[in-house]
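A.B. asks: Structure below; questions to follow.
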Amino acid sequence: MTDQRDASGMDSLDLAIFGKRIEGIVRKMQNTLLRSARSGVINTGRDFSCCLLTSDCELVAVGESLPIHVMAGPDLMARSMKEFHPQLARGDAFLHNSPYHGCSHAADLSVLVPVFDGSGAHRFTVLVKAHQADIGNSIPTTYHASARDVFEEGALIFPATQVQRNYQDIADIIRICEMRIRVPEQWRGDYLASLGAARVGERELAALAGEIGWEHLQALVHGWFDYSERMMHLAVSGLPAGTATGRTTHDPFPGTPPEGIPINATVSCSPEAGRITIDLRDNMDCLPNGLNLSEACARTAAMVGVFNSLSTSVPTNAGSFRRLTILLRENCVVGIPRHPTSCSVATQNVADRLTNAVHLAFASLAEGYGMAEIGGVQTAAQAVISGRDRFRGDRPFIDQLILGDTLGAAGPRSDGWLTMITTGTAGMSFFDSVEVDELRHPLIVRQRRLVQDSEGAGRFRGAPASLVEFEANGTEVTVLYQSDGTIHPAQGVRGGGRGGPARNFVTRSDGTEQAADGWATITLEPGDRVTGISPGGGGYGNPLERDRLMVLADVADGYVSLHRAAEIYGVAIDPDGGIDEVATSALRGTQNREAK
């Protein structure tokens with residue numbers, strides 16, 4: 001009979017079942033939050049994550065979480081909980097959103113619950129992180145890009161602050177939140193949903209341990225880590241050896257140099273040793289605005305770039321992370337911020353550019369690796385909206401929309417995704433339902449469509465841009481966003497083209513059109529409309545090498561015009577909608593000669 005034990009001595013079948021069981025617990029937590037949260041950014045946009053950690057603060061499982069929320073940071077958050085509260089007890093729960101103690105940014109309010117066995121020993125920690133519609137910022141948005149420090153940002157900051165004892169709320173903490181949040185009943189609903197999800201995780205871990213025993217459960221966790229490390233070693237062993245630096249630039253914003261924010265990531269790959277090192281120390285100091293990354297986001301953004309560049313699937317946990325080294329420095333825009341540096345927008349914008357820099361570095365190492373650049377965020381299609389709804393008794397409202405932004409970059413084997421939304425969410429968030437947004441808020445979505453000829457051309461093309469236009473319906477609406485990619489659109493790699501640039505503008509009720517800045521606070525009067533056009537994703541490889549039938553499909557789908565198909569891809573389409581083979585051969589031959 002074949003021995004089913006792996007190199008760590010664990011039964012391989014047990015490990016396979018354990019991997020599914022532990023992921024199933026996280027999915028139950030996520031389903032609880034999705035179905036019970038109040039704000040649209042959570043229950044429709046799915047901007048949340050759940051994970052499990054050991055009592056030693058090592059990441060075990062993340063389910064279908066957003067990478068920017070969970071790859072690095074939960075470990076630091078759990079450590080701060082233990083440091084600030086050495087005497088943990090069953091029934092405790094803690095609020096955590098401090099970017100100086102491991103959280104991604106202040107808007108990602110998290111609930112941590114320690115899990116105990118029957119003897120009172122701390123065995124695991126469950127964590128639920130949900131992006132809030134409002135966290136008490138000085139302006140009605142959770143992304144205060146122009147905040148010169150955390151004091152101007154104004155967010156409530158909870159560094160592992162106890163919110164429950166013996167399963168009962170600490171009322172003082174709840175009252176502080178309700179007095180600072182613009183729509184307190186919405187916040188309280190989201191808090192209860194997060195707390196409920198955490199308690200589901202606590203219950204399910206106890207049930208699993210009751211079935212197989214705490215000691216065996218912990219042994220399986222360590223076996224899972226060892227297996228994941230071996231999988232990561234295997235994946236890295238297939239990468240090209242060498243060192244390369246990826247470079248990109250975020251558009252200028254208030255508080256940045258005039259040229260924007262240059263981002264550098266140096267990747268060193270050692271396949272024989274099975275190790276990857278990402279050096280982020282060659283970047284500028286923290287800036288007097290909210291674009292700085294938290295330590296959690298700096299580490300995670302680099303790790304996302306690595307995992308996106310691997311050719312095989314590797315579990316996301318502390319075991320696979322053993323093969324990665326991320327080098328950071330203090331007081332760096334992509335490093336470790338010092339209080340009171342603002343990290344209000346840490347989960348996107350600069351974080352997305354950092355992930356892209358890692359993609360570009362891998363792509364420069366060899367053909368068939370890395371990715372092109374994913375488009376920048378966040379246009380007016382993903383704005384935070386607020387105001388008072390006269391159709392509902394002048395009731396206040398605040399929420400983040402996720403109506404658009406395609407952004408997907410081409411890779412060495414596939415076209416860019418149409419549903420990327422942000423680099424750090426990796427397509428795991430959802431686009432809003434137009435009808436649901438119109439029911440919830442005083443707005444009318446006039447358009448949501450793709451923009452022809454905006455893709456980064458390539459052997460594999462980037463995603464075309466999206467266009468979203470919405471109108472204030474019968475009441476004044478405040479719109480806040482911070483849009484990257486207008487001046488520095490997404491780069492292509494290995495001969496691929498750039499994606500189309502971002503653009504935002506306002507159309508007043510009298511038809512007057514006004515260009516809007518990349519970072520803007522816009523007041524829409526009834527009948528006014530705002531339009532956000534996302535960047536297109538970058539292309540990978542020479543466009544003349546794109547499969548002719550794929551070009552034909554792009555034309556049929558409306559992504560690419562007949563003129564662009566001929567001029568950029570060298571494919572001529574006949575009047576019947578087929579490929580004109582003679583003209584195409586002539587076009588590609590001429591264009592290849594010109595390129596040489």
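The values are calculated or read from the model by the stated rules, or taken from the named source; none is laboratory data. Just so we're clear, the structure is a prediction, and the values are computed from it rather than from any experiment. Cβ placement follows ideal geometry from the backbone for every residue including glycine, while neighbour counts extend to all protein chains displayed. We work out accessible area using only protein heavy atoms, side chains counted, and drop any ligands, DNA or RNA first. Shrake-Rupley method; radii C 1.70, N 1.55, O 1.52, S 1.80 Å.
A.B. asks: Per the 1.4 Å probe, what fraction of the accessible area of the range 154-294, in percent, lies on carbon and sulfur atoms?
C.D. replies: That fraction is 54 percent.
A.B. asks: For the range 38-153, what D do you get in µm² per second when you plug the Kirkwood radius from alpha-carbon pairs into Stokes-Einstein at 4 °C and 1.567 mPa s?
C.D. replies: The estimated diffusion coefficient comes to 87 µm²/s.
A.B. asks: If eta is 1.306 mPa s and T is 10 °C, what Stokes-Einstein diffusion coefficient results for the range 523-596, Kirkwood Rh from Cα pairs, in µm²/s?
C.D. replies: Rounded to a whole number, D works out at 112 µm²/s.
A.B. asks: Still on this structure, please answer the following. Please quote Rg/Rh for the range 528-568 to two decimal places, taking the Kirkwood radius as Rh and restricting both calculations to Cα atoms.
C.D. replies: A ratio of 1.11.
A.B. asks: Same structure, new question: Cα centroids of the range 302-377 and the range 199-254: how far apart, whole angstrom?
C.D. replies: 15
A.B. asks: A follow-up question, please. When DSSP beta bridges are limited to those with both residues in the range 252-351, what percentage is antiparallel, rounded to the nearest 5?
C.D. replies: 55
A.B. asks: Where Lys and Arg each count +1 and Asp and Glu each count -1, what net charge lies around Thr248 among other residues with Cβ under 12 Å from its Cβ?
C.D. replies: Counting the neighbours of Thr248, the net charge comes to -1.
A.B. asks: Per the Kirkwood formula on distinct C-alpha pairs, the Rh of the range 333-463 is how many angstrom?
C.D. replies: For the range 333-463, the Kirkwood estimate is 16.9 Å.
A.B. asks: I've got another one for you. What is the distance in Å between the Cα centroid of the range 61-104 and that of the range 395-468?
C.D. replies: 30
A.B. asks: Calculate, for Glu545 and Met284, the FRET efficiency according to 1/(1 + (r/R0)^6) with r their C-beta to C-beta distance and R0 45 Å; round to the nearest 0.05.
C.D. replies: That gives a FRET efficiency of 0.75.
A.B. asks: What is the antiparallel percent of DSSP beta bridges lying wholly in the chain, to the nearest 5?
C.D. replies: 95
A.B. asks: Could you work out the helix-only [θ] at 222 nm for the chain, with each DSSP H run of four or more residues adding -39,500 (n - 2.57) and the total divided by the number of residues, to the nearest 500 deg cm²/dmol?
C.D. replies: Only helices count here, giving -9500 deg cm²/dmol.
A.B. asks: Want the number for Asn331 to Glu581: 0.36 nm per residue separation, take away the alpha-carbon distance, what's left?
C.D. replies: This chain segment gains 84.2 nm when fully extended.
A.B. asks: Roughly speaking, to the nearest percent, how much of the range 1-110's 1.4 Å accessible area is carbon and sulfur?
C.D. replies: 48
A.B. asks: Let me ask something else. Enumerate the amide H contacts of Asp405 below 5 Å, restricted to partners 5 or more residues apart or on another chain; note that Pro and chain-start residues carry no placed amide H.
C.D. replies: Ser466, Ser534
A.B. asks: If you don't mind, there's one more thing I want to ask. What would the Debye formula give as log10 I(q)/I(0) at q = 0.13, 0.16, 0.31 Å⁻¹ for the alpha-carbon point model of the range 273-329, no solvent?
C.D. replies: -0.39, -0.56, -1.50
A.B. asks: Okay, moving on. Subtracting the Cα-Cα distance from 0.36 nm times the residue separation, let me have the gained length for Ser311 to Asp149 in nm, one decimal.
C.D. replies: Between Ser311 and Asp149, full extension yields an extra 54.3 nm.
A.B. asks: If I model the range 173-269 as equal point scatterers sitting on the Cα atoms and use the Debye formula, what is log10 I(q)/I(0) at q = 0.11, 0.14, 0.19, 0.20 Å⁻¹?
C.D. replies: One equal scatterer on each Cα of the range 173-269 leads to -0.88, -0.93, -0.90, -0.94.
A.B. asks: I've got another one for you. How about Lys129: which aspartates and glutamates have a C-alpha closer than 14 Å to its C-alpha, ignoring those fewer than 8 places off in the same chain?
C.D. replies: Asp47, Glu64, Asp75, Asp108, Asp190
A.B. asks: Here is a follow-up. For the range 524-583, give the percent of accessible area contributed by carbon and sulfur heavy atoms, probe 1.4 Å, rounded to a whole number.
C.D. replies: 55
A.B. asks: Heavy-atom accessible area per residue, the chain, 1.4 Å probe: how many Å²?
C.D. replies: Value for the chain: 36 Å² per residue.
A.B. asks: First select every other residue whose beta carbon is under 14 angstrom from the beta carbon of Asn349; then total the charges, Lys and Arg +1, Asp and Glu -1.
C.D. replies: Cβ neighbours under 14 Å give a net charge of -4.
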